[in-house]
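> Here it is, the structure in full.
Every number in this text was worked out from the coordinates using simple rules, so none of it is lab data. What you see is a predicted model, and the numbers here were worked out from it, not measured in a lab. Cβ placement follows ideal geometry from the backbone for every residue including glycine, while neighbour counts extend to all protein chains displayed.
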Amino acid sequence: MDAATAPPTDVTIPEPPTIGELFTGFLHLGLIGFGGVLPMARRMVVEKRRWLTPAEFIDLLGLCQFLPGGNIINLSVAIGLHFRGVAGAVAALVGLLAAPSAIVILLGVIYERLKDDPRVEHLFAGLAAAAAGLLVAMAIKIALPLRRPVGIVIAVSCFVAIAILRLPLLPTMVVLASLSMLATWKFQK
């Protein structure tokens, strides 16, 4: 192997996160990402802490989206489990849910007292628009690594089926996941 084909020696692979790092990472995520955590989770896990590559994140997110439950909850458990087993999964999950749970309880008490105020209604309309923007940004970031035409066709088909045609989510995901696996298997031969 000559110098031109040798792998770079200055690339360092980060150490797997500790249980404490999983807890604090997801605690921070739960505190700053209230209502739109998935885009921030990708930024934290892939870009800042480099726990996963973009491709690994997409693969793990795809699995988590297919499982029942919240995507970010599934993702925190999967990442914790991947790096530190059951203890890591518990640490990531508790970190993610602790602060938002306390905040939701507090906001519920406040909302109950102020729910008829028009300013509160406008506030929630603005929050809904911001959440939609975060979702679109995340969709674009996830779509960028989809270089294969099959992946793009499946993603567009899913969007059309669910967002435009209003087909039920579960049957759509079962059909499209099956087609995606079949197409990937067929084109990898």
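> Mind listing the phi-derived Karplus ³J(HN,Hα) values for segment 103-115, rounded to whole Hz, using 6.51, -1.76 and 1.60 with θ = phi - 60°, and x for any glycine or proline?
In residue order, the calculated couplings are 5, 4, 4, 4, 5, x, 5, 5, 4, 4, 7, 10, 4 Hz.
> Here's another thing I want to ask about it. In nanometres, what is the gap between the two model label sites at Leu169 and Leu123, each 7 Å from Cα along Cα-to-Cβ?
2.7 nm
> Using a cut-off of 13 Å between alpha-carbon atoms, which aspartates and glutamates can reach Lys141, once sequence neighbours fewer than 8 places away in the same chain are excluded?
Glu47
> If each residue of separation counts as 0.36 nm, what is the full-extension length gain between Ser157 and Thr24 once their alpha-carbon separation is subtracted?
44.1 nm
> Please give the FRET efficiency for Thr184 paired with Leu134, using the beta carbon to beta carbon distance and R0 = 25 Å, rounded to the nearest 0.05.
So the FRET efficiency works out to roughly 0.30.
> Which entry in [x] 39, 19, 14; [y] 33, 25, 16; [z] 26, 20, 15 is this structure's computed semi-axes √(5λ) of the Cα gyration tensor in Å?
The listed entry that was calculated here is [y].
> Okay, moving on. What does the helix-only formula give at 222 nm for the chain: each DSSP H stretch with n ≥ 4 adding -39500 (n - 2.57), the total divided by the residues, and the result rounded to the nearest 500 deg cm²/dmol?
-24000 deg cm²/dmol
> With each label point set 7 Å from Cα along the Cα-Cβ vector, what nm distance links Leu31 and Val109?
2.0 nm
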